[in-house]
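My questions will all concern the structure given below.
The values are calculated or read from the model by the stated rules, or taken from the named source; none is laboratory data. Computed from a predicted structure; not experimentally measured. Positions of Cβ are backbone-derived with ideal geometry, glycine not excepted, and every protein chain shown enters the neighbour counts. What goes into the accessible areas is simple: the full protein's heavy atoms, side chains included, and nothing from ligands, DNA or RNA. Shrake-Rupley method; radii C 1.70, N 1.55, O 1.52, S 1.80 Å.
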Amino acid sequence: MVGLVLLLAVAFERLAGVPLVLSFDVPMVLTGWHAHYWFAFPLLVGILALVVLAFPAHPRAGQGAAALSPRTPISFGRRRWFATPTVLVALILLVTVLAGSPSSPDPTTGRYMMYNVDIGGEYSMGASIYGWFYSVPCLFLLVLMLAATYLDLFLISRPALDHDYARDALIRTARTRNILAVATGALLVHFAFILQPLAGTASMRGQFTAAGGTVNSWTTFAALEPVLHGASFALLALGVAYWATVLLSAIPMRQPAKSTVTS
């Protein structure tokens with residue numbers, strides 16, 4: 001159920017960004033939120049999904065059995081499951097700082113969401129960028145999502161092991177995998193949403209007529225435009241794939257039928 005909601009949420013967000021796709025009028029409040037806070041949408045959805053996944057699908061039966069080996073939030077996960085979200089968090093923080101540092105306040109609103117290029121003399125050009133106005137709320141939500149992920153993993157490892165150790169460990173491993181898939185998918189989609197407008201900022205061009213003729217100008221990272229566009233689409237597809245694994249995990253696996261051989 002959680003996986004289906006995640007996929008429907010990202011599909012709705014994509015459609016909300018294309019007004020011609022929707023046959024009804026979208027409220028101005030919704031369109032305004034989408035324009036300013038759509039970067040935070042994957043993190044919000046991820047937090048809600050993690051809250052739901054904190055509760056086990058089936059209540060535990062019995063008091064459990066004691067175990068001598070200590071259990072930690074990473075006891076039921078594989079190391080490579082934690083590597084991807086760790087790298088993504090580091091990259092998101094790096095890009096956030098690199099994009100926020102050159103941002104300047106908008107002349108009308110005062111929000112740090114503009115990127116200005118001084119051409120020289122009286123000429124300059126500017127475009128919107130993923131500045132501090134957009135990134136600071138996302139950083140706050142990122143911390144909340146990481147805290148929710150840790151809390152979920154802690155709640156999985158905390159209860160005593162069931163008498164059927166193999167089955168209990170398998171259930172906890174599956175829950176750990178789903179929680180990390182939700183968090184990783186949210187990070188991937190959020191990162192994709194950051195790179196997409198940065199590609200638009202990189203595509204900014206200017207043409208001015210000066211005394212010596214026509215002057216063409218562009219951003220210092222204009223060469224990264226196709227790379228940013230391609231990376232955005234790839235990260236979005238990969239993030240949706242991670243969320244799809246949560247949906248597929250709900251499909252029960254077929255158990256081989258037991259047969260009795262008589263002689």
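Applying the selection to segment 110-125, what residues are at pLDDT below 85, farther than 17 Å from residue 200 by Cα and not hydrophobic (A, V, I, L, M, F, W, C)?
118, 120, 121, 122, 123, 124
Name the residues in segment 91-102 that are in a helix (DSSP H, G or I) and over 21 Å from residue 241 (Cβ atoms), would you? Please lay out each step first, then the result.
If we filter segment 91-102 for residues that are in a helix (DSSP H, G or I), which is where we start, we get 91-100.
Scanning segment 91-102 gives 93, 94, 95, 96, 97, 98, 99, 100.
Being of a type outside the set (A, V, I, L, M), more than 21 Å from residue 37 (Cα to Cα) and at pLDDT 90 or above: is that true of residue 96 here?
no
If you take the residues in segment 96-109 that are within 12 Å of residue 201 (Cβ to Cβ) and open to solvent by less than 30 Å² (accessible area, probe 1.4 Å), which one is nearest to the chain's Cα centre (by Cα)?
Once the filter is applied, the top-ranked residue is 99.
Tell me which residues, restricted to segment 67-84, are out of contact with any Leu (no Cβ under 6 Å at 6 or more places or on another chain) and either modelled with pLDDT of 85 or more or crowded, with 17+ Cβ neighbours inside 10 Å (or both).
Here is the first cut: in segment 67-84, the ones out of contact with any Leu (no Cβ under 6 Å at 6 or more places or on another chain) are 68-72, 74-80, 82-84.
The answer is 76, 77, 78, 79, 80, 82, 83, 84.
Can you tell me which residue in segment 155-178 is nearest to the chain's Cα centre (by Cα), limited to those that are of a type in the set (Gly, Ala, Ser) and part of a helix (DSSP H, G or I)? Give the derivation first.
The initial filter retains those residues of segment 155-178 that are of a type in the set (Gly, Ala, Ser), namely 157, 160, 166, 169, 174.
Remaining after also requiring part of a helix (DSSP H, G or I): 157, 166, 169, 174.
On the way: 157: 25, 166: 33, 169: 28, 174: 21 Å.
Looking at residues that are of a type in the set (Gly, Ala, Ser) and part of a helix (DSSP H, G or I), I get 174.
One residue is enough: does segment 164-172 have a residue meeting the conditions open to solvent by less than 50 Å² (accessible area, probe 1.4 Å) and β-branched (Val, Ile, Thr)?
Filtering segment 164-172 for residues open to solvent by less than 50 Å² (accessible area, probe 1.4 Å) gives 168-169, 172.
Those still in the list that are β-branched (Val, Ile, Thr) too: none.
No; the residues of segment 164-172 include none that is open to solvent by less than 50 Å² (accessible area, probe 1.4 Å) and β-branched (Val, Ile, Thr).
Within segment 145-166, identify whether any single residue is touching a residue at least 60 places away in the same chain (Cβ under 8 Å) and within 30 Å of residue 102 (Cα to Cα), and answer yes or no. Even if it seems obvious, please write down each step before you answer.
Taking segment 145-166 as the starting set, the residues that turn out to be touching a residue at least 60 places away in the same chain (Cβ under 8 Å) are 145, 148-163, 165.
Narrowing the set further to residues that are within 30 Å of residue 102 (Cα to Cα) leaves 145.
There is at least one residue in segment 145-166 that is touching a residue at least 60 places away in the same chain (Cβ under 8 Å) and within 30 Å of residue 102 (Cα to Cα).
Scan segment 217-237 and report the pairs whose first residue is closer than 25 Å to residue 89 by Cα and whose second residue is at pLDDT below 90 and of a type in the set (Ser, Thr, Tyr), with Cβ atoms within less than 6 Å and a gap of 6+ or a chain change.
Matching pairs, first to second residue: 225/203.
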